[in-house]
Amino acid sequence: LSLLNRQLPLALPRLKPMVAFIALIVVAVVRSGLVNSAFTKEVSNSSSVHDRSHSLRGVAYPRQPIECPGGGTCTENTCCLGVVATKGKSFPCPASSVAFRGCDMGQDGIVAAMLAELNREEKYHFLRGTGWIAKQYKIRNGFYVGNAGLNLRFGIPSLNMNDGGSGFRTFDKQIIDQVTSWPCALAVAALWSESDVHRWAATMGQEFRSKGANVVLGPGVEVHRVARGGRNAEYLAGESPYLGARLVGPWVRGMQSQKVLAVVKHFVCNNQETNRNHVDSIVDPRTLWEVYYPPFQAAVDAGVAAVMCAYNFVNHVQACNNSQILLTDLRRSMGFGGWVMSDWWALTSFAAQQGVDQEMPGDPSPDREAYFSNDKLDTLSDAQVDSMVASMLTKMLQHGLFEASPETCQPPHCDHLLFEAIATKPEHEALSRDLATKAVMLLKNEGQILPFGASVKKIALLGHACNASQNASSLVDVWDGSSYYTIGGSGRVLFRDPVSIHAGLVTACERRGCEIIGAFTDDSTLAVEMARGADVAILCGGATSTEGKDRKNLSVDQQSFMVEAASKLSMPVVSLTMTPGAIVMPWAEHVSAVLNVFLAGKHTGTAFADVLFGDSNPSAKSPITFPKNEKDVVQPCPQTKCYYTEKLRVGWRGLKDDQVTFPFGHGLSYTNFSYSSLKIAVTGSLVADVHASCSAAVACVSARVTNIGHVKGAEVAQLYLGFPEGSGEPPKVLKGFDRTRELEPGAFANVSFALATRDVQTYDGNAGRWETPDGVFQIYVGTSSRDVRLTSAFSMCRGKPSLELDPACK
């Protein structure tokens, strides 16, 4: 209405007389208040969406009129009249569905109109968080872990943020058991399965949405530099930037498909918890781009809404005040178009000019200031403020956060969703159990002792960890409290009555007629005595971890017990461990079988039982290395200056064969697979039956994997690339993997690995660009980083691939 009142009279001199007369009539009608309903009705009828109720998971939610930016009201899937900011073009009602296309402009028109109408104070609501009691580590009633954009016009929803990357954080007793307990991110990474990661993230997204949250503070994708890292269990990448890059994309897309915005973290080099607020990660550009940036780049490519900057320093500048990494690298080089939020109280100064768009949580802590105050924000230009807010509004609109929903609330009126909504469902629990089972890694199976057959009648279950409990009600009051089922800190999801290893095996034996002898003691002499007469003995161990501190060592809590008991027991011995990451296993050479699972949540015991008895054939591959000695791996820097002297040789790439108990990528099955028919196609060549995904690749490698065993099973085939001599790369670098379907005995699958241009490039830190080295590239295809089954090679010369091996590039 206001647009027509202002713009039509100005346009009249340019109109022909008859058109001008009609326009004057329109102005009169609009001023009488008669046009808005007719206009919106006509647009709505021209749309493919007709009904006037919003159905979300079976709940009818009536549309409510909201204010159009610029004047008038609207409902979903109708148009707002154009305004000056949209050059007179109509644009969708902010509450419209993402798919609505009935107006002159799309969502960019909504953003432009809102920015023109919101005043500076309203925009500031997005640029700093709220919801915490000042000078206390306590959230106000009815608020989330993070909150922004409250109490705004035009149907703008608040940003309701909650941790974390492995499930909805249970920060209050009332939330316990209302959400699903999932395996940790590192456990799911062991599946090497993009489809499982997508399914997991989408299901978690449903639970966040059910709880009223529309922003998840995850995923975490830091590459494991420090094996003892306190938060390694939260990080999807394991030791491999390539694995992290492949898995983070489906995580982001799965989560954001549920109208929950993802925040990838922690940017960047937040590789240890020791001195995390002050440690200075001193790392060269090549290592940044080749090791630590790829998972973040993949998240950006997947359309991640936000990036969280870290507590630590990077090359002498605090990460949230570091224009090099936030503006030059993240925004300009990676092409990031979302917004940057600080980690909670991570700011040490007002950092808007350095690339931070949003300070979280926005209220001061007992020992940290809040910097995005009105007086500091007032120093910014209108253009910069609009750019900061536009990135948030754009992502919110793109992913449907404005759409009407009964699962939307405005703090502090969110208690009904936070503390009453039951987000978990039987199908979610079933998925959690499935993921936990698939995450169990069979690392050793000497003499094919597993799976247990009918001859195993009596099983000795030895060690306190076999029957570990978890007091969720007590742990919730201890921020960094952890267990053998979940990590401590902000990534924690607590639950009552976890299925212990003992409980899982008892249930399995009830069906099979076997007997469990339980000796839940870490006294090896007593345990060995109680195990007499058993057909097999199982030793249990575990380790815990938490945000805020790195692990003291790589030992399980029961290491001495397991070593002593393993050497004394006379029957076959199986070791089961529940860990937040890498461990040393000095008992491994004395036992017949070794299984490990990274903190797997509520269904840990059931997962182990399903694998031990063969109900599930293991197919997990380790995303990390299990070293022989702790001294062989990178330690947390005790001092502030932390030099990344290993450079590209992070994790498994810096270890020799004799330093490893179980290598990166390793994981056994109850069947065996053969590899054959290796083929390479390069750009411009034609090779039969090369997978369609390789159509845009520089080179495509394919092979055949055949199940030559006696039970069905799945395999994860892996491709490692050896770069030309003199390129400065480690001997082998993971550049491909392909998880097969479950193959029946005798069946085969053709696996393929597409090598993109970036996969054959190295980063020149001096020139600040990617370059393709000339020479011969070695291809290694196999079942782990140390178990290569097929080899071949191709060459690159002046950026062009060839099957003719020409190391001199003549």
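The values are calculated or read from the model by the stated rules, or taken from the named source; none is laboratory data. Bear in mind that the values here come from a model prediction, so they are computed numbers and not experimental data. Every residue, glycine as well, gets a Cβ built from its backbone with ideal geometry; the counts of neighbours run over all protein chains shown. SASA here: full protein model, heavy atoms, side chains in, ligands and nucleic acids out. Shrake-Rupley method; radii C 1.70, N 1.55, O 1.52, S 1.80 Å.
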Distance in nm between label sites at Phe419 and Leu678, each 7 Å beyond Cα in the beta-carbon direction? 6.2
Pull up the cross-link candidates among the aspartates and glutamates for Lys265, meaning alpha carbon to alpha carbon under 13 Å and not fewer than 8 places away within one chain. Asp163, Glu222, Glu234, Asp343
Taking +1 at the Cβ of each Lys and Arg and -1 at the Cβ of each Asp and Glu, which of Thr507, Leu288, Pro250 sits farthest along the dipole of the chain towards its positive end, judged by Cα position relative to the Cα centre? Pro250
Descending principal axes extents, segment 696-757, alpha-carbon based, whole Å: 45, 25, 12
Only helical DSSP H runs with n ≥ 4 go in: add -39500 (n - 2.57) per run for the chain, normalise by residue count and round the 222 nm mean residue ellipticity to 500 deg cm²/dmol. -6500 deg cm²/dmol
May I ask you to evaluate 6.51 cos²θ - 1.76 cosθ + 1.60, the Karplus curve with θ = phi - 60°, for each residue of segment 446-454 and list the ³J(HN,Hα) values in order in whole Hz, giving x for glycine and proline? 5, x, 6, 5, 10, x, 5, x, 5
Those Cys residues of the chain for which no other cysteine Cβ falls under 4.7 Å: Cys184, Cys269
hull vol. (C-alpha, convex hull) per residue for segment 571-713, Å³ -> 209
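Out of the chymotrypsin sites (Phe, Trp or Tyr not before Pro) in segment 99-183, which ones are loop residues according to DSSP with at most 15 other C-beta atoms within 10 Å? Mind dumping the intermediate values first?
On the way: sites: Phe100, Tyr124, Phe126, Trp132, Tyr137, Phe143, Tyr144, Phe154, Phe168, Phe171; in loops: Phe100, Tyr137, Phe143, Tyr144, Phe154, Phe168, Phe171.
Hits after loop and neighbour filter: Tyr137.
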Provide the per-residue ³J(HN,Hα) series for segment 178-188, in order, calculated from phi with Karplus coefficients 6.51, -1.76, 1.60 and θ = phi - 60°, each as a whole number of Hz, with x at glycine and proline positions. 8, 10, 7, 8, 9, x, 5, 4, 5, 5, 5
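Given the Cα-Cα distance of Ser257 and Asp535 and 0.36 nm per residue of separation, how much length would full extension add, in nm? Mind showing how you got there, number by number?
Values: separation 278, 0.36 × 278 = 100.08 nm, distance 4.98 nm.
Value of the extension gain: 95.1 nm.
With a cut-off of at most 10 other beta carbons within 10 Å, and DSSP calling the residue loop, which trypsin sites (Lys or Arg not before Pro) in segment 610-712 qualify? Please list them. Mind dumping the intermediate values first?
Details: sites: Lys621, Lys628, Lys631, Lys641, Lys647, Arg649, Arg653, Lys656, Lys679, Arg704, Lys712; in loops: Lys621, Lys628, Lys647, Arg649, Lys656, Lys712.
Loop-located and lightly packed - Lys656.
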Computing the accessible area with a 1.4 Å probe over protein heavy atoms, can you report the carbon and sulfur percentage for segment 610-677? 47
Just to verify a number: FRET efficiency for Val84 and Ser323, C-beta to C-beta distance, R0 = 30 Å, to 0.05? 0.35
Which entry in (i) 120, 78, 66; (ii) 102, 70, 53; (iii) 110, 70, 56 matches Cα extents along the principal axes in Å derived from the coordinates of this structure? (ii)
Per the Cα gyration tensor, segment 122-241 corresponds to an equivalent ellipsoid with semi-axes, largest first in Å, of 29, 17, 15
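Please compute the contact order of segment 49-198 in relative form: average sequence separation of alpha-carbon pairs under 8 Å and at least six residues apart, divided by the residue count, as a percent. Please list the in-between numbers first.
Details: 201 pairs, mean separation 19.1, N = 150.
Answer for segment 49-198 is 13 percent.
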Amide H partners (placed H, <5 Å) of Val660, local residues excluded: Lys628
Would segment 656-765 count as rounded, prolate or oblate if I go by the C-alpha gyration tensor, calling it rounded below 1.5 in a/c and otherwise prolate when a/b exceeds b/c, oblate otherwise? oblate
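Compute the relative contact order of the chain as a whole-number percentage, counting only Cα pairs closer than 8 Å that sit 6 or more residues apart in sequence. Before the final figure, lay out the partial values.
Numbers: 1968 pairs, mean separation 98.7, N = 810.
Relative contact order comes out at 12 percent.
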Would you grab the residues whose amide H sits under 5 Å from the one on Gly542? Only those 5+ places off in sequence or on another chain, please, with H modelled 1.01 Å from N. Asp557, Gln558, Met578
Rounded to whole Å², per residue accessible area for the chain with a 1.4 Å probe reads 37
What percent antiparallel are the DSSP beta bridges of the chain, to the nearest 5? 60
Pop out the ³J(HN,Hα) list for segment 103-116 in order, Karplus 6.51 cos²θ - 1.76 cosθ + 1.60 with θ = phi - 60°, rounded to Hz; leave Gly and Pro as x. 10, 5, 10, x, 5, 5, x, 4, 4, 4, 5, 5, 4, 6
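Keeping the other protein chains in place, figure out the carbon and sulfur percent of the accessible area of segment 439-529, with a 1.4 Å probe.
Numbers: 1770 of 3640 Å².
Ligands and nucleic acids excluded, carbon and sulfur give 49 percent.
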Here, trypsin sites (Lys or Arg not before Pro) of segment 467-521 satisfying both criteria (DSSP loop; at most 13 other Cβ within 10 Å) are Arg496
Using +1 at the Cβ of each Lys and Arg and -1 at the Cβ of each Asp and Glu in the chain, identify which of Gly533, Pro807, Ser455 lies farthest towards the dipole's positive end. Pro807
Amide proton proximity set for Leu261, modelled H, under 5 Å, gap of 5+: Val215, Val216
